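Report on the following structure.
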Amino acid sequence: MSVVAVGGLAHCENFVQHEDEVKKTKHPLTIPTGSVQVRVRVGRYRNGTVAHIDTGQIRAVDGVLQTTKSIKSLFDQRDSSHFFSKTSKQFTVGVSEKQKVVTGELHIHVRPDIGKQDFDIVAHVPIEQYLPGVLAGELYAHWHPDTFAAQAVAARSYAIVQHLNRHKTSHFDVTDGPSSQMFLGDVTLEAAHKATKDTESVILTWNNTVVPAYYSACCGGSAASALDAISGSSQHDITPLYGRKGNDVCASLEASTWRATRSSRLFRKRLNASAKHLKLPELETIRSIRSIEPCEHNKHGRPTKLIIKDRRRNGYIVNAKDFVSAANASVSSLPMPGDPVWSSTLSCSKTGSDLTFKGRGLGHGVGLCQYGAQELAGQNNTWKDILQWYYPNASIQTV
Ligand SMILES: [Zn+2]
């Protein structure tokens, strides 16, 4: 009896302490209660580049923003380093040859951390209004409504996670390009609006937190885990991001395969040049490449490490993520990389002075596979089926 009483008390104390800890350290990805305004960086202006907004222009000179008269009144809130419109309006924004129409609050931030003539343009857009511009940029217009709906839920979850992670530390949550998710601004594409409406406020959750719902164009058949392919953050250490078991339907699609031919010498130089950025000093010492091949795989069969051997028969083992990044890196002293190395699921052969890569999959392979989702939708799977396949055990929740 006393054993039970002591045990019970101890349990009770532990429980109280645990509750306190939970209150103190709220999970950063706790499902938000209010609506989210996504802060999208729609323009990145460097080295004195002039931005066009509606009929006016804006630039940064010595860390101070200057506008032409015609748009001065647009920015009713301003100090020298931050202009913004207090009300939501439709703007045309971009450089002279490439502009985007976007409705929201427009914020201009100088970037003295980068340079005195540098600034960012950030649109604050309510999330449901933001999503059609993402879907129109991420998917082919003729794709299946269920592909659009699954993508809408993934993109909504992803944007909310970016907002929760960055709202206190950065002036933007997402960019409008492929390193984040595409955003075309205001769009008329019916399929994009319908999918947003049909999935309104639906996100992927895991233990009452929002799932960072990464996705890529094509996994090539085998899933990557976010811990391997994105980063070692504890936010990635969750079941929905470990990768599903089993081959994906995309494996049989021709679109999932690629080929790249590169000069062996320039490829080696690119790896050398990426040593610093990737913090892998040994890459700098690679000499003439003899072979490149996957040497370690995850439990789904996707390469996680590759070994590069050079003419001295030295072997360099590189994480798949770092290899793909180095292979496609822009290096100022070298010509542009040429044919992209799209994924780490690859084989490589050397013929003369060239390396020829043959591979499968486009992108990091974590979470939803866009080509696979389209294939599944064509086989009568619903958007919920698609999400359950790509994010195992995640809840599909309306918030
Ligand atoms: Zn796939």
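Bear in mind that the values in this text are calculations on the coordinates, not laboratory data. It should be emphasised that the depicted structure is a prediction, and the values quoted were computed from it without experimental measurement. Cβ sites come from the backbone with ideal geometry, for glycine too, and all protein chains shown count toward neighbours.
Data overview
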| item | result |
| --- | --- |
| Among Gly338, Ile308, His277 - extreme Cα towards positive end, dipole of the range 254-360, charges at beta-carbon | Ile308 |
| Neighbour-count ranking [beta-carbon atoms within 10 angstrom, fewest first] of Arg270, Arg244 | Arg244, Arg270 |
| Among His163, Ser81, Leu387 the positive-end extreme of the charge dipole of the chain (Cβ point charges) | Ser81 |
| Gaussian network model of the chain, Cα within-10 Å springs - most flexible of Asp322, Asp248, Asp310 | Asp310 |
| GNM top mover of Ser233, Ser274, Ser157 - the chain, alpha-carbon springs below 10 Å | Ser233 |
| Simple Cβ-charge dipole of the range 295-354, Lys/Arg +1 and Asp/Glu -1, about Cα centre, in debye nearest 20 | 300 debye |
| Cβ-based exposure ranking for Tyr390, Tyr140, Tyr215, in which fewest neighbours within 10 Å come first | Tyr140, Tyr215, Tyr390 |
| For peptides 116-123, 40-47, 76-83, sequence by mean Cβ density within 10 Å, most packed first | 116-123, 40-47, 76-83 |
| Sorted by Cβ density within 10 Å, fewest first, the residues Val101, Val38, Val324, Val153 | Val101, Val324, Val38, Val153 |
| Convex hull of Cα atoms in the range 201-313, direction-averaged projection (nm²) | 9.7 nm² |
| Vicinal HN-Hα couplings computed from phi for the range 180-194 (Karplus, 6.51 cos²θ - 1.76 cosθ + 1.60; Hz; Gly/Pro x) | 10, 9, 4, 8, 8, x, 5, 10, 9, 4, 4, 4, 6, 5, 5 |
| Cβ charges +1 (Lys, Arg) and -1 (Asp, Glu), total dipole of the chain, debye | 1640 debye |
| Check: the range 254-360 dipole with +1 on Lys, Arg Cβ and -1 on Asp, Glu Cβ, in debye | 260 debye |
| Sum of -39500 (n - 2.57) over DSSP H runs of 4+, divided by residues of the chain (222 nm, nearest 500) | -8000 deg cm²/dmol |
| Total formal charge among the other residues, if their Cβ is under 12 angstrom from that of Ala149, Lys/Arg +1 and Asp/Glu -1 | 0 |
| Neighbour net charge for Leu253 - beta-carbon separation under 13 angstrom, K R +1, D E -1 | -2 |
| Among Cys295, Cys250, Cys218, residue whose mean-square fluctuation peaks in a GNM of the chain (springs only between Cα atoms under 10 Å) | Cys295 |
| Cα-derived Rg over Rh, computed across the range 37-127 with Rh taken as Kirkwood radius | 0.92 |
| Relative contact order (percent, whole number), the range 255-315, Cα cutoff 8 Å, 6+ residue spacing | 24 percent |
| Flagged links, alpha-carbon separation over 20 Å, of Lys100/Lys321; Lys26/Lys321; Lys321/Lys358 | Lys100/Lys321; Lys26/Lys321 |
| Stokes-Einstein D in µm²/s, Kirkwood radius over Cα pairs - the chain at 37 °C with 0.692 mPa s viscosity | 140 µm²/s |
